[in-house]
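> Before I ask anything, here is the structure I am working with.
The values are calculated or read from the model by the stated rules, or taken from the named source; none is laboratory data. Not measured: the values here are computed from a predicted model. When we count neighbours, we look across all protein chains shown, and the Cβ atoms used for this are built from the backbone with ideal geometry, even at glycine.
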Amino acid sequence: MTEAEGAERSGAPWITVSGLSVSYGRKQALRSVSFTMGPGILMVLGANGAGKSTLLRALAGLAPASAGDVRLCGHSSVDRRSIRSARSHVGYLPHPASYPGHFRVWESIEYTAWLADLPADQRSVAVRRACEAFGLGHLVRQRLRSLSAGERRRVLLSQAMVHEPPIMLLDEPTSSIDVEHRGTIRRLLRRWSKDHVIVAASHQLNDVEILADRVLVLVRGSVAFDGAPEDLLERGAQQAEAGQEHALEAALRLLNAEWGPGMP
Amino acid sequence: MRPPVRLALQRSLGKPAVPLVIAVALANFFLRTTDPLHELTWTMYDYHFATVLLGPVVAALACWEAIRLAPAFPMLEVPRDGEHRFVGLAWASLTAWVIAAYLVGLVVVVAVAKLYGTPRWPALVDLVAIVPPLGMLALVAAIGFVAGWRRPSWFVVPMIAGGTFAVVIGAYMVQMAFVRVGGATASLVGLAPRPDVAAAQAILYAGSTYLVIELLSRDAGRRPASVAAAIVVVVAGVFLAGVDSTLEPAALDLVCSGRDPEVCLSVEYEPWRSQFEAPLDRFLEGLEHVGVAPPARLTQARDDLGPGVGFIPALYRIEDDPGGVVTGAVSNAFVGRCASAARTPEELDRVFIVVDWVETAYHRSVNGRLQGPPDAVVQAIAELESCR
Amino acid sequence: MIRDLVLLARRWRVGRTLAVLALAWTALWFLEPPLRVPGREHVVAVVWPLVVALPVAASLDSASLFAEPIEILARRSLLLRKVAHVLLTALVVGLLAVTAPGATDGGILARNGAFLAGLGYLLAVVAPRPVGAIAVILLPAAMWILGSRGPGLPPAWWAVLLQGTGSRSASVAAVVVAGLGAATFVGTAERP
């Protein structure tokens, strides 16, 4: 029984964030963020600079916390002693992401599988499955530098997921991706969300409506909203009727105004 | 200033690199030697040797900048020919900052020279000589930029720096005139940079820079401007291939005093006159005692040499090596132009006989055991008449 | 196992590093010491101890990869991979030092290689990606141009890479910088 399965059976949350703060020099990027999450999709929304990417990095243990704690499947990603265990439960898609241009698609995904310590006999199967899932079958021999931005994004997604980690942290998972593959990816995320935790930061409002089980809105590093997407839509609906604005956009604008300059 | 230009200047990597460029240029000058500071032409010309170290630094910066910008370019959705304008503007912005930093360093060095007491201000030819090093920096920036743009990999950055250094050093070692934009290990008193060489270097660098940036176009070889630039580069290159010296004798602002010898020094060396004349007079008195007549004139002017006139070399070393400076000047008076113009092995032998005796005589005069010149020396001086 | 090594070698561009090593090795055969330093009349100084900068820079190019999330979040030990990378660079320097032509001093090559590698590893942790590799190339150039002195004079005290075989201070500096660089590089493996 894996730790994730253990956490699931015990009913304990897979991600527990309590009072998390992150600072870059004098700038506070996250202010006392707290939430818990079990299997499902948590969409993190917010304007540029709101702290979405920092939250994902902090969850993965890539951005040092100035206060608070993050526990992934019971392991703290803030504590030096357990950070390696915590990190090993994570698949992470950065944005923007660097890539080794000389690597071919197959070996780049295989390398990630190797890093994840997948046994040699399972590696090829896992890589093939990841390539098929993201429509990369015809590109496996291409070098990453010769791919389009969208194709590279799909390779990076398959790298983040090839070892099927219990927790997936995805920064802009559908950015640069064409409509056809965006649909494929959404279906895949929906399916995985049954037994994985997916935390995704996105500017694509369609992603929120289609995918989110829960929405977290960050304004200047603080949690301005944490709840079901329907509740967020409801907040914006009245405002949106008056103008020609999308309900989510209106809700985000209202939250930004409420939690903007001068607020905690 | 047009907004795109101002924006390009603002976000250029050249801007934060200004202190680095100034630091490298000043370190290159002050860590090598401070000997030139009393001599303005030497100071400015030696400062330009900074291009040897700045070349690789600037090439690396430009390469870095290109790698930084390359991923952003496809998102700008500019037309195909916009790539040229984009690259040209980014290169020009970086080069502008580098040139500004280079000139700030030069102003600092000139200011230090003035504080040091040099009486001159930069002449027109000193200012003309600034153009080739700037052209060279612009060229290496273009090479670095195009390399990074064509191959946006971080590995290219150190390799382009190493390659630039190797090429510049290699060109210096085989004395290729195009790369000699500065650097002098001895006094340049009485010399000035050749404006025609500086112009040819500037043309070569401008044409080469244009061609390098043109390399981004697939049809670069078919464009009339590229062909014209290539012709200019070839013509300037052929001219420079025949250049054996980038410096030429120049008129000096001389102050002359005394008789037998009359000592003529550049105004820049006038404060050192007494330090030179004291050991010189002692030595010449000794020579007179043993029947050797003093030279008519010792001078720092290179265009005023003739029988009985000796060129004073390396006067800046008078404190460290008074004997070397004095014997150099007196030897030159005895051998005249033969010191530098001796063509045959026999002439060279005679020059060495005279120089060796003068040096020996100086040391003996200090010990009070000076004797008259042997016949071989008298005969060598007489035989050198032909090239005096 | 072999496939694992191939993947690592591809990720670290070991083939390219070996190509640069071959280039440096060829250069050592053609750059007969002594070599004149431009801008210093009558002065001869050696350039060959600086050639080692090329393969070191090539090897260090992949040292910055360890800061990427994919490497940090791996289940396999980041510490072990970092140690392996340091050993690979040491192997590259050692290979050059051992196989260098007879006219060159393998000891000086190894010392200078250790100094530059340590500096590069240190900068790979504390500076943006190309800075370490650029410094490894430009520092020897600067020492060569600025640190050499007049005829028969020893190089400037700070021009560590130009010091002769018997220089204790240069050897100590190389050991300290190499140790500090490797320790900093490896020691930051499990940093939050």
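> Under 6 Å by Cβ, and 6 or more places apart or on different chains, what pairs join a residue from region C:126-141 that is more than 7 Å from chain B (Cβ to nearest Cβ) with one that is hydrophobic (A, V, I, L, M, F, W, C)?
C:V131/C:L123; C:G132/C:L60; C:G132/C:L123; C:G132/C:A124; C:A135/C:L123; C:P140/C:L50; C:P140/C:A53; C:P140/C:L161
> Shifting gears a bit: Quick test of your reading of the structure: B:D126 fulfils all but one of (1) modelled with pLDDT of 90 or more; (2) within 14 Å of another protein chain (Cβ to nearest Cβ). Name the failing condition by number.
The failed condition is (2).
> Among the listed residues C:L87, C:L79, C:L73, which satisfies the condition of being within 14 Å of chain A (Cβ to nearest Cβ) and surrounded by fewer than 18 Cβ atoms within 10 Å (Cβ to Cβ)?
Of C:L87, C:L79, C:L73, the one residue that is within 14 Å of chain A (Cβ to nearest Cβ) and surrounded by fewer than 18 Cβ atoms within 10 Å (Cβ to Cβ) is C:L79.
> Please state which of the following conditions B:P132 fails to meet, knowing it meets all the rest: (1) touching a Leu at 6+ places or on another chain (Cβ under 8 Å); (2) buried (at least 20 other Cβ atoms within 10 Å of the Cβ); (3) away from chain C (no Cβ under 14 Å).
(1)
> Against the conditions (1) within 17 Å of B:V212 (Cβ to Cβ); (2) without any contact (Cβ under 8 Å) to a residue 12 or more places away in the chain, where does B:A142 fall short? Just the number, please.
For B:A142, the exception is condition (2).
> OK, next. Residues C:S148, C:S167: which one is of a type in the set (S, T, N, Q) and in contact (Cβ under 8 Å) with a residue 60 or more places away in the chain?
C:S148
> Residues that are within 23 Å of B:A171 (Cβ to Cβ) and surrounded by 15 or more Cβ atoms within 10 Å (Cβ to Cβ): does region B:5-24 have at least one?
Yes: one or more hits.
> Give me the residue from region A:211-237 that is of a type outside the set (D, E) and at pLDDT below 85 and, out of that set, nearest to A:L56 (Cα to Cα).
Filtering first and then ranking leaves A:L232.
> Could you grab me the full set of residues in region B:253-270 that are outside any helix (DSSP H, G or I), surrounded by fewer than 19 Cβ atoms within 10 Å (Cβ to Cβ), in contact (Cβ under 8 Å) with a residue 12 or more places away in the chain and out of contact with any helix residue (DSSP H, G or I) (no Cβ under 7 Å at 6 or more places or on another chain)?
B:L254, B:C256, B:S257, B:G258, B:D260, B:E262
> Just to verify a result, which residue in region B:220-237, among those that are assigned to a helix (DSSP H, G or I) and not small (G, A, S), is modelled with the lowest pLDDT?
Among those that are assigned to a helix (DSSP H, G or I) and not small (G, A, S), it is B:R222.
> Looking at B:V110, B:V58, B:V24, B:V52 in this structure, which one is away from chain C (no Cβ under 12 Å), in contact (Cβ under 8 Å) with a residue 24 or more places away in the chain and either aliphatic (A, V, I, L, M) or not in a helix (DSSP H, G or I) (or both)?
Answer to the selection: B:V110.
> Quick one: count up the residues across region B:298-310 that are touching a residue at least 40 places away in the same chain (Cβ under 8 Å) and either under 20 Å from B:Q371 (Cα atoms) or buried (at least 21 other Cβ atoms within 10 Å of the Cβ) (or both).
Qualifying residue count, region B:298-310: 4.
> Looking for something more than 27 Å from A:S85 (Cα to Cα), crowded, with 19+ Cβ neighbours inside 10 Å, modelled with pLDDT under 90 and more than 9 Å from every other protein chain (Cβ to nearest Cβ) - is there at least one such residue anywhere in region C:55-66?
no
> Quick one: which residue in B:G170, B:G144, B:G105 is within 14 Å of chain C (Cβ to nearest Cβ) and surrounded by 18 or more Cβ atoms within 10 Å (Cβ to Cβ)?
B:G144
> Same structure again: For residues in region B:173-204 being at the interface with chain C (Cβ under 10 Å from one of its Cβ atoms) and of a type outside the set (S, T, Y), which is farthest from the chain's Cα centre (by Cα)?
B:M173
> Can you find a residue that is away from chain A (no Cβ under 14 Å), of a type in the set (S, T, Y) and part of a loop (DSSP other than H, G, I, E, B) anywhere in region C:92-109?
Yes, region C:92-109 has at least one match.
> Take the residues in region A:239-252 that are touching a helix residue (DSSP H, G or I) at 6+ places or on another chain (Cβ under 8 Å) and part of a helix (DSSP H, G or I); name whichever of them is modelled with the lowest pLDDT.
Among those residues, the one meeting the criterion is A:A240.
> Let me ask you something else. Out of A:A60, A:A65, A:A86, report the one residue that is in contact (Cβ under 8 Å) with a residue 24 or more places away in the chain, among the aliphatic types (A, V, I, L, M), facing chain C (nearest Cβ under 10 Å) and farther than 30 Å from A:L252 by Cα.
Exactly one residue qualifies, and that residue is A:A86.
> Confirm whether B:P36 is more than 11 Å from chain C (Cβ to nearest Cβ), within 30 Å of C:P154 (Cα to Cα), in a helix (DSSP H, G or I) and under 26 Å from the mean Cα position of the chain (by Cα).
Yes, satisfied.
> Just checking, does region A:138-157 include any residue being within 14 Å of chain C (Cβ to nearest Cβ), in contact (Cβ under 8 Å) with a residue 60 or more places away in the chain and under 23 Å from A:T54 (Cα atoms)?
For region A:138-157, residues within 14 Å of chain C (Cβ to nearest Cβ), in contact (Cβ under 8 Å) with a residue 60 or more places away in the chain and under 23 Å from A:T54 (Cα atoms): present.
> Quick test for you: out of A:A120, A:A116, A:A160, A:A126, pick the one residue that is more than 30 Å from A:G49 (Cβ to Cβ), facing chain C (nearest Cβ under 9 Å) and crowded, with 21+ Cβ neighbours inside 10 Å.
A:A116
> Here's another thing I want to ask about it. Please verify whether region C:129-148 includes one or more residues that are surrounded by fewer than 18 Cβ atoms within 10 Å (Cβ to Cβ) and either of a type outside the set (A, V, I, L, M, F, W, C) or more than 10 Å from the chain's Cα centre (by Cα) (or both).
Taking every residue of region C:129-148 in turn, none turns out to be surrounded by fewer than 18 Cβ atoms within 10 Å (Cβ to Cβ) and either of a type outside the set (A, V, I, L, M, F, W, C) or more than 10 Å from the chain's Cα centre (by Cα) (or both).
> If I filter region A:193-212 down to residues being more than 13 Å from the chain's Cα centre (by Cα) and not in a loop (DSSP other than H, G, I, E, B), which single residue comes out as surrounded by the fewest Cβ atoms within 10 Å (Cβ to Cβ)?
A:N206
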